[in-house]
Amino acid sequence: MAFEKVEGVSVYGGTIDGRGKSLWACKAGGGNCPDGATSLAFHGSKDIMISGLSSINSEMFHIVIDRCQGVTVQGVKITAPGNSPNTDGIHVEGSTDVTITGAGIKTGDDCISIGPGTTNLWIEQVTCGPGHGISIGSLGKDYDEEGVENVTVKTTVFTGTQNGLRIKTWGKPSEGFVKGVVFEHATMHNVQNPIIIDQNYCPGHSGCPGQNSGVKISQVTYSDIQGSSASQVAMNFDCSASNPCSGIELQDIKLTYGDQQAKSSCSHADGTASGFVVPPSCL
């Protein structure tokens, strides 16, 4: 279901069943599969409200906000199996003044993905799991790409996810950037990568560009991030050698790894740590 160049449209309640199981099975079998459909998309639209909607088993993305202005998504429930491919919960791209609150997302890809050209995005009170976390990116796949700026993600809970709070960019030249991001009040339950910046993103690790990412990441704050990591490296800042991350701030972090000491890892990253920070900062 797609809306293009509409204004003042509201979607209240209801359930969309994408019936994606046959497409997922085709992809799992490596067959020549159709592209698949997004369950609900708004393109080039303004003043949109999506409230109380349930979306289940989408073939591809559940909800897409593309080139829109003034969008509120509240109280949505998104459900797909943890092994369903490319079933991102909510994808925002090229949009400004978007608010996402009170969402419960269980899916097989990013719970929320934030694409190029996204500015003034507010995300609050979101549960995620299963899924791949809340991700800015992937960015930098194209050279002439808009940046991401002024994003707040607060009061989130991640359960058994592949990632928690993630920024991911391709290892190749790009004019893209990430600037002015705040991640705060997040709880992790057995999350593989609770805090991660991956500037060598390459799913499947085949045909990777193998270059330095041109995406410039700066002014990113992590505050009050608590919980348990499923891997020993609970904080991983793998930044670009040619465009190092700058202005990373860690405040009041407590991430554990079973009965062992969790670790942090930094590559080409610069920033500060304040308050109680565990694992100890490598910035």
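A few comments on the model shown:
- Meets criteria (over 30 Å from Phe177 (Cβ atoms) and of a type outside the set (Asp, Glu)) for Ser95: no
- Residues satisfying the stated conditions in the stretch 109-124, i.e. small (Gly, Ala, Ser) and either in contact (Cβ under 8 Å) with a residue 60 or more places away in the chain or in a strand (DSSP E or B) (or both): Ser113
- Within the stretch 139-158, the residues that satisfy the criterion of being surrounded by fewer than 24 Cβ atoms within 10 Å (Cβ to Cβ), of a type outside the set (Asp, Glu) and touching a Pro at 6+ places or on another chain (Cβ under 8 Å) are Tyr143, Gly147.
- Any hit, the stretch 88-96, residues being more than 18 Å from His189 (Cβ to Cβ), surrounded by fewer than 23 Cβ atoms within 10 Å (Cβ to Cβ) and of a type in the set (Ser, Thr, Tyr): yes
- Each residue in the stretch 234-283 was checked for being outside any strand (DSSP E or B), farther than 17 Å from Ile196 by Cβ and either in contact with a His (Cβ under 7 Å, 6 or more places away or on another chain) or of a type in the set (D, E, K, R) (or both), and 2 pass.
- Selection over the stretch 25-52 of residues that are within 21 Å of Gly75 (Cα to Cα) and among the acidic types (Asp, Glu) gives a count of 1.
- Unique match (being buried (at least 17 other Cβ atoms within 10 Å of the Cβ), among the small types (Gly, Ala, Ser), out of contact with any Phe, Trp or Tyr (no Cβ under 9 Å at 6 or more places or on another chain) and under 27 Å from Gly171 (Cα atoms)) among Ser240, Ser264, Ser246: Ser240
- Candidates Gly227, Gly204 - the one that is farther than 18 Å from Val151 by Cβ and without any contact (Cβ under 8 Å) to a residue 12 or more places away in the chain: Gly204
Quick grid of which residues meet (1) in contact (Cβ under 8 Å) with a residue 40 or more places away in the chain; (2) of a type in the set (Ser, Thr, Tyr); (3) out of contact with any Ser or Thr (no Cβ under 9 Å at 6 or more places or on another chain):
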position: Val126; (1), (2), (3): no, no, no
position: Thr152; (1), (2), (3): no, yes, yes
position: Thr161; (1), (2), (3): yes, yes, yes
position: Leu165; (1), (2), (3): yes, no, no
position: Val182; (1), (2), (3): yes, no, no
position: Ala186; (1), (2), (3): yes, no, no
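- Options Gly75, Gly8; residue that is over 20 Å from the mean Cα position of the chain (by Cα), farther than 21 Å from Thr119 by Cβ, surrounded by fewer than 18 Cβ atoms within 10 Å (Cβ to Cβ) and not hydrophobic (A, V, I, L, M, F, W, C): Gly8
- Whichever residue in the stretch 212-229 is touching a Phe, Trp or Tyr at 6+ places or on another chain (Cβ under 8 Å) and part of a loop (DSSP other than H, G, I, E, B) and, among such residues, is surrounded by the fewest Cβ atoms within 10 Å (Cβ to Cβ): Gly214
- Only one of the numbered conditions (1) under 17 Å from the mean Cα position of the chain (by Cα); (2) buried (at least 23 other Cβ atoms within 10 Å of the Cβ); (3) over 15 Å from Ser135 (Cα atoms) is not met by Thr169, and that is (3).
- If you go through the stretch 111-125 and keep only what is of a type outside the set (S, T, N, Q) and in contact with a Phe, Trp or Tyr (Cβ under 9 Å, 6 or more places away or on another chain), you end up with just Cys111.
- Among the residues of the stretch 108-129, those that are buried (at least 23 other Cβ atoms within 10 Å of the Cβ) and among the β-branched types (Val, Ile, Thr) comprise Ile112, Ile114, Thr118, Ile123, Val126.
Taken together, the values in this text are just the output of simple stated rules run on the coordinates, not laboratory data. Everything numeric in this text was worked out from a predicted model, so none of it was measured. No Cβ is skipped: glycine too gets one built from the backbone with ideal geometry, and neighbour counts run over all protein chains shown.
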